[in-house]
Each structure stands twice: as structure tokens, then as C-alpha cells.
Amino acid sequence: MNPYWISLRRGFISQLQHERADILWGIHAFVEPVFVAFVVIMLYRFVGTSSQDYATYVVFGSGFIGVWAMVLSFGGKSIFQERMQGTLELMFLTPVSLFTFSFGKILSSAATGLVSVAAVLAVGKFVLRLPIHIESPGLFLVSLVMTIVTLSVFGLVLASAYMLTRRVAYFMNLMQYMIYVLGGLLFPISVLPFWVRPISYSLSLTWALDAVRVSVSQNAWESSVFWMDAAMVTFLTAVYFVVAVVLYRYIRKIAVRDGKLSVY
Amino acid sequence: MESVIKTYDISREYIEYPSFFKRIRGEGSRIIVAVDNLNISVHRGELFGFLGPNGAGKTTTIKMLSTLLLPTKGTATILGNDILKAPNEVRKRISVVFGGERGLYWRLSGRDNMRIFAELYGLDSSERMDRIDMLLELVGIADRADSKVETYSKGMKQRLHLARGLVHDPDILFLDEPTLGLDPTIAHELRKTIRNLCTREKKTVFLTTHYMFEADELCDRVAIIHRGTLIANDTPENLKRQFGTVTPVTILLRGVVPQVEHVLTSRKGVHYVESGIQDNTTKLKVGLDQDKVCVEDIVSLLEKTHEIISVEQGSPTLEDVFLELTRS
Ligand SMILES: Nc1ncnc2c1ncn2[C@@H]1O[C@H](COP(=O)(O)OP(=O)(O)OP(=O)(O)O)[C@@H](O)[C@H]1O
Ligand SMILES: [Mg+2]
């Protein structure tokens, strides 16, 4: 078997095993997103907005809060934890790629995060009785996969930054909430101040989420917006990917030079 | 004899900065020489003990030899492959087992831990199962293989470490303090397992330990390193013969005699004096260089003021040699 495939698969499975052993993921993937969705929906109701306007926005936005939290707290940090617990250097000695192993881990966290999308969707539709109907189910699935992959690649960039310096941890915690705003998870980014928008547009999550919403609200096959979103996601993912590869190579190099594979 | 590990002036320095900001500015750096021009060679099938006080550079050496850390000078070959030029070749044939509780996935079972590494080393699924079962059996934790590692005792973790290190059937094993914190029975079992790896399976073992009797009992040859420099390298027997100039003598005095060691320490030929009190007797352990002073002199000196119950003369142990050589 191809060593890249082995490590990707192994990373994916190991992460699932770890999640099974740690109930904390339930909080990230279920409690937090449903709670946020609930609060935001109540706020929209309070100001008297029609549920037609905010339903898909909030439901999918807060669903992805769970995916994002999983990528950040489980995927990104798990690589750092490997270093803390002394397994990173053992991993380093195996013939497989640490990069694909990490990618497998983060991908698996992100995929678990889909639980949140389902949870918020179910709560929104059946408890809060919001008007949600998925217009283009096929492309909806495509955009979900797209979102998972692009967030995972983004997570890989964060994971490598995390390995470079522990100080990234402070930043990561902040990042969790910043993305709610910057990625337009709970309200459209068009309401953001002008100077913030370039940051939003450089996040592939912004485009991926837009693709999800377009596929829910209209016949996406004929929507140029959907394909534009998809193109942007592909482009930005490629950029993140290259950054991640470069960072991983660099880390490998300095880790053996400075003896940082096991120091924490 | 074929050298499977050979080092050429291998050296490692660490640069330390007092703080993050000083590191950025490159200020106030301090150089720590962890390993200094080390030259050793280890033969195939040999059990090689690498000894030294805390901070002597043992772990640093293992990390360099296993490609986890670059030397700042010099190099080494492992089974003929240069660690700098062919690190991937080296990694395939070696395994590193660090002592202690790190290096395991605590939340997974022992078997799952094994499975991860078996897969990453590319064992195919049929071969994998049998090998994992065989190794868990070998180290004696097969009955707890499906419990989570966090429920294991230290000894079980250590045995799992060893089993994990054997998963890809390496030719050379680096064991960094494999018996750290184990009870005598388990440590004994583990030593037997390690010994068998050399004699039966012709593996080469490079081992560090702080237990001198263990090194003496187990190792074909030992090297002693002190502050990064090699100070001795021979069989335990030869080392004892060569450096064991100090004879340990145990003297039992009646009564609690505080500060009796002061009478002795200043004497010529007395290398060390340790005293302990038990059951209304005082036990003195004295290291004597018999070329300079004989046991009788010491006994008659003590007899003037104290009642001697017994005198027992031992033969130098590896520990005596170690203490002698690493005294600064
Ligand atoms: N990453 C590092 N950065 C700076 N100094 C280090 C680093 N790792 C080790 N050292 C220093 O290098 C020296 C040798 O350390 P090493 O860990 O190799 O010793 P050791 O012989 O394994 O000791 P022990 O018996 O305590 O395990 C020590 O002075 C240690 O402080
Ligand atoms: Mg050490």
C-alpha cells in the first residue's frame, strides 16, 4: 500500500478512536453549536426579522461552528499533543509522512463535526420550526464535502503553526470566535466594516459556507454564484495546502536541528 | 567483528537563551556541550550499556544516532548507513524506546497502540495481527492488551513500549532507561527479555541505565560518559579490574555514633565514607585504596574509640568504578 494512503487512513482512524474515548467532542460538536444557534435565532426574533431571512443563515452558520471547533480543538491541537506525549518523535521515525497523518487526523475531526450540522438542522426544523428546505441536495452534499476538506487544510496550517510555537495556543482560542464573525457564520459579511472584508474573503470558509447556502436556497446548478464560490474555495484551499506543505517541511528541518521533537 | 553502530567525533551543542525576547534578539546565549567528540563502536548482536550521570549526554547521543537530532559536528553510521546522508535507511532498521510514561497513546488500548505503529511501518493486515499477538505475549501483557493504557501500571507501560519498539522487527534497539521505576521482579523479567533479544534473535541493543548492577549483569560491554566525554569503554569485568582500585569495606559499630566519618575522610587512601544507623548500630561503608591504606589501619583507628561488631571486605562493583570515574 502507498505510504501516503496508509498514514492518511491511520490518522483518520486514530483520531476517531481518540474522539470515542473523549466525550468532550460532544460539547464542541453538539452543545455549543445548538446553543449558539438558539441564542442567535432568539435575537433575530427579538428584533422582529422574518424567519425566511435568517433561517438558512443561522442554521448552517452555527452548524459549521461545530465543524470549526472540531478542526481547531481536536484536529489542530492533536498534533501538538502528539509532541507533548512523546509520540511525535516515534511517528517521525516511521517511514510514513507526518503531513498526511496529520491531515487524516484533522479531516476526521472535521468530518465528526458534521454531527453539528445535522444537529442544528434537526433542532431548527423540528423544534424551532424554521422554514428550511434543501433545493439542490446533490450540490448541497458537494458543498459540505468541500467545506470539510478546505477547513481541514486550513487546520493543517494552524497545526503546523502550533508546532512552531506554543504561543499560538492563545491565538487559537481567540481565533475560534473571530471566525464566527469573519467567516460570516451568523450574519452576512456585508454588514461588516469595509476594512474587515478582505480578511473574510481570504478565508475559504466564507466561500464554502456561501456555496452551502446557495445550494439550500436555490437551484445551484444554474447559479453562477455557486460555481464562483466553488472556484474560490478550490483556489484558496490550494494556497493553504502549499503553505502547509512548506511549513511542515520547515518544521521537520528545524525539529531535528534544534531538538524540538519532544520538548514542550 | 562487524560494527553496526560507529560514531565519528559525534558532538552536539545546545544553545540556550534566557527568554523568548532575548532569543529573537540573539542576546545572552549560553552554549551547552551535551556530547563532545564521541567515538564508540558497537558490534552486531552486542548488548551495549551506555552509562553516565544525569545530564551526561546519553539521551542526546541516542537521539542523534536515531536521526531525531542532528549532530553539530561529526557523524555516525548505522549498519553502514550514514545518519546524515541516509536517515531514511537508518530509521527503517532501528527502533527507539524511551523509558517512562511518555510515548504512548494513553486513551487507546495497548493493542491499538501496537496497531498504529504496525500499520505505519507498513505491515500488511494478516502479518500484523499475528505479530502483535506474538509481541504482546513476549512481553507478557497479552491478557491486558485490550484495556486502555491509562489503566496500566508503570511496568506494563514499559513492556508495551518494548513491544511497540519491536513491531517492525528492527536490527538495532535503542533503549533509554527501560527499567526506570520498575519493581525488582518486573525489572528482572524485562532484563531477561532484553537479553534474549540479543542472544536468540541476534538483535543489537544499545541501552542506558542508572542501575549499575543491571549494566554489570546484562551488558557485554559498557561505555561511561561524563559531561559529554567518553571516559571508559570496556567489558564490565575489565573495567572492574582496571579501575576497581577502591575496595568497599563495611564496618558495623555498636551504638549510635554520629559524625564518625570525619575521623576517616581526611585519611589518605580513603575515597568515600557513608554511614547509616540501624537498630542501635552504626553501619559504615568505606571505600579504600589498598595501595595506600590497609583495612587493619582503619580498624585499629576505630577500635580506639568504638566497639566494632564486624568488618566485611567486598570486591569492587561496577558502581564503585562508576563513582570513581565520574567523581569530578
Ligand atoms: N533541548 C535541549 N536544549 C538545551 N539543552 C538540552 C536539551 N536537551 C538536553 N540538553 C542538555 O544537554 C545535556 C545532556 O542531556 P541528556 O538528556 O542527553 O542527558 P542524559 O545523559 O540523558 O541525562 P539523564 O540521565 O538525566 O537522562 C544536559 O546538560 C541537558 O541539560
Ligand atoms: Mg536521558
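The values are calculated or read from the model by the stated rules, or taken from the named source; none is laboratory data. Predicted model, so just to flag it, every value in this text is computed and none were measured. We place every Cβ from the backbone using ideal geometry, glycine too, and count neighbours over all the protein chains shown. The accessibility values were calculated without ligands, DNA or RNA, using every heavy atom of the protein model including side chains. Shrake-Rupley method; radii C 1.70, N 1.55, O 1.52, S 1.80 Å.
Looking at the range B:118-130, which of its residues are more than 7 Å from chain A (Cβ to nearest Cβ) and under 28 Å from the mean Cα position of the chain (by Cα)? Break it down into steps so the answer makes sense when it comes.
Taking the range B:118-130 first, the residues more than 7 Å from chain A (Cβ to nearest Cβ) are B:118, B:123-130.
B:118 - this is the single residue of the range B:118-130 that is more than 7 Å from chain A (Cβ to nearest Cβ) and under 28 Å from the mean Cα position of the chain (by Cα).
Does at least one position in the range B:239-247 carry a residue that is within 16 Å of ligand 1 (Cβ to nearest atom) and either more than 18 Å from residue B:325 (Cα to Cα) or of a type in the set (Ser, Thr, Tyr) (or both)?
No: the range B:239-247 contains no residue that is within 16 Å of ligand 1 (Cβ to nearest atom) and either more than 18 Å from residue B:325 (Cα to Cα) or of a type in the set (Ser, Thr, Tyr) (or both).
Are any of the residues in the range A:67-79 crowded, with 22+ Cβ neighbours inside 10 Å, within 14 Å of another protein chain (Cβ to nearest Cβ) and of a type in the set (Val, Ile, Thr)?
Yes; the residues of the range A:67-79 include at least one that is crowded, with 22+ Cβ neighbours inside 10 Å, within 14 Å of another protein chain (Cβ to nearest Cβ) and of a type in the set (Val, Ile, Thr).
Would you say residue B:228 is open to solvent by 10 Å² or more (accessible area, probe 1.4 Å), within 16 Å of ligand 2 (Cβ to nearest atom) and within 16 Å of the chain's Cα centre (by Cα)?
No: the conditions fail for residue B:228.
Out of all the residues in the range B:110-130, is one or more more than 16 Å from ligand 2 (Cβ to nearest atom), aliphatic (A, V, I, L, M) and surrounded by fewer than 18 Cβ atoms within 10 Å (Cβ to Cβ)?
Within the range B:110-130 (the criterion being more than 16 Å from ligand 2 (Cβ to nearest atom), aliphatic (A, V, I, L, M) and surrounded by fewer than 18 Cβ atoms within 10 Å (Cβ to Cβ)), the answer is yes, since at least one residue qualifies.
In the range B:26-39, what residues are free of Cβ contacts under 8 Å to residues at least 60 places away in the same chain and either surrounded by 14 or more Cβ atoms within 10 Å (Cβ to Cβ) or not in a strand (DSSP E or B) (or both)?
Those that are free of Cβ contacts under 8 Å to residues at least 60 places away in the same chain and either surrounded by 14 or more Cβ atoms within 10 Å (Cβ to Cβ) or not in a strand (DSSP E or B) (or both): B:26, B:27, B:28, B:29.
If you take the residues in the range B:1-25 that are modelled with pLDDT of 95 or more and closer than 30 Å to residue B:202 by Cα, which one is surrounded by the most Cβ atoms within 10 Å (Cβ to Cβ)?
Applying the filter and picking the extreme gives B:7.
Mind checking which residues of the range B:181-213 are at pLDDT below 95, within 16 Å of ligand 1 (Cβ to nearest atom) and either farther than 12 Å from residue B:99 by Cβ or within 14 Å of chain A (Cβ to nearest Cβ) (or both)?
Across the range B:181-213, the qualifying residue is only B:212.
Here are the criteria: (1) more than 16 Å from ligand 1 (Cβ to nearest atom); (2) of a type outside the set (Gly, Ala, Ser); (3) in a loop (DSSP other than H, G, I, E, B). Tell me which single one residue B:162 does not satisfy.
Result: residue B:162 fails condition (3) only.
Being closer than 30 Å to residue B:235 by Cα, assigned to a helix (DSSP H, G or I) and touching a residue at least 12 places away in the same chain (Cβ under 8 Å) narrows it down to one of B:264, B:323, B:288, B:301, so name that one.
Going through B:264, B:323, B:288, B:301 in turn, the sole match is B:323.
Which one is surrounded by the fewest Cβ atoms within 10 Å (Cβ to Cβ) among residues in the range B:195-225 that are of a type in the set (Val, Ile, Thr) and out of contact with any strand residue (DSSP E or B) (no Cβ under 6 Å at 6 or more places or on another chain)?
B:199
I'd like to verify a number: residues in the range A:19-40 that are assigned to a helix (DSSP H, G or I) and either small (Gly, Ala, Ser) or within 14 Å of chain B (Cβ to nearest Cβ) (or both), how many?
Residues that pass the stated criteria total 8.
Under 7 Å between Cβ atoms, which residue pairs at least 6 apart in sequence (or on different chains) link something in the range B:229-243 that is outside any helix (DSSP H, G or I) with a partner that is charged (D, E, K, R)?
Every condition considered, the pairs that remain are B:229/B:36; B:234/B:221; B:235/B:220; B:235/B:221.
Please find, within the range B:164-180, the residue that is nearest to the other protein chains (Cβ to nearest Cβ) out of those that are surrounded by fewer than 21 Cβ atoms within 10 Å (Cβ to Cβ) and away from ligand 2 (no atom under 16 Å from the Cβ).
Within the range B:164-180, the subset surrounded by fewer than 21 Cβ atoms within 10 Å (Cβ to Cβ) is B:169-171, B:177, B:180.
Add one more test, that the residue is away from ligand 2 (no atom under 16 Å from the Cβ), and what stays is B:169-171.
Numbers: B:169: 14, B:170: 10, B:171: 14 Å.
Restricting to residues being surrounded by fewer than 21 Cβ atoms within 10 Å (Cβ to Cβ) and away from ligand 2 (no atom under 16 Å from the Cβ), the top hit is B:170.
Within the range B:63-79, does at least one residue satisfy the condition of being part of a helix (DSSP H, G or I) and within 9 Å of ligand 1 (Cβ to nearest atom)?
Within the range B:63-79, one or more residues are part of a helix (DSSP H, G or I) and within 9 Å of ligand 1 (Cβ to nearest atom).
Taking residue B:296 as the residue in question, decide whether it is under 24 Å from the mean Cα position of the chain (by Cα), outside the structural domain of residue B:59 (by TED's automatic domain parsing) and acidic (Asp, Glu).
Working: under 24 Å from the mean Cα position of the chain (by Cα): no; outside the structural domain of residue B:59 (by TED's automatic domain parsing): yes; acidic (Asp, Glu): yes.
When the stated conditions are applied, residue B:296 does not pass them.
From the list A:43, A:8, A:16, pick out the single residue that is over 18 Å from residue A:114 (Cα atoms), within 14 Å of chain B (Cβ to nearest Cβ) and either part of a helix (DSSP H, G or I) or open to solvent by 30 Å² or more (accessible area, probe 1.4 Å) (or both).
Result of the check over A:43, A:8, A:16: A:8.
Among the residues in the range A:171-188, are any surrounded by fewer than 23 Cβ atoms within 10 Å (Cβ to Cβ) and of a type in the set (Gly, Ala, Ser)?
no
Only one of (1) touching a residue at least 60 places away in the same chain (Cβ under 8 Å); (2) open to solvent by less than 40 Å² (accessible area, probe 1.4 Å) fails for residue B:44. Which number is that?
(2)
Within the range A:211-218, does at least one residue satisfy the condition of being among the basic types (Lys, Arg) and free of Cβ contacts under 8 Å to residues at least 40 places away in the same chain?
Among the residues of the range A:211-218, not one is among the basic types (Lys, Arg) and free of Cβ contacts under 8 Å to residues at least 40 places away in the same chain, which makes the answer no.
Which of the residues belonging to the range B:89-103 are facing chain A (nearest Cβ under 7 Å) and either within 20 Å of residue A:3 (Cβ to Cβ) or touching a residue at least 40 places away in the same chain (Cβ under 8 Å) (or both)?
Hits for the range B:89-103 are B:91, B:92, B:96, B:98, B:103.
Of (1) assigned to a helix (DSSP H, G or I); (2) within 15 Å of ligand 1 (Cβ to nearest atom), residue B:126 satisfies all except one. Which?
Checking residue B:126 against (1) assigned to a helix (DSSP H, G or I); (2) within 15 Å of ligand 1 (Cβ to nearest atom), the one that fails is (2).
Out of the helices (runs of 4 or more DSSP H) lying entirely within the range A:66-134, which hold 3 or more residues that are hydrophobic (A, V, I, L, M, F, W, C) and farther than 26 Å from residue A:179 by Cα?
A:88-93
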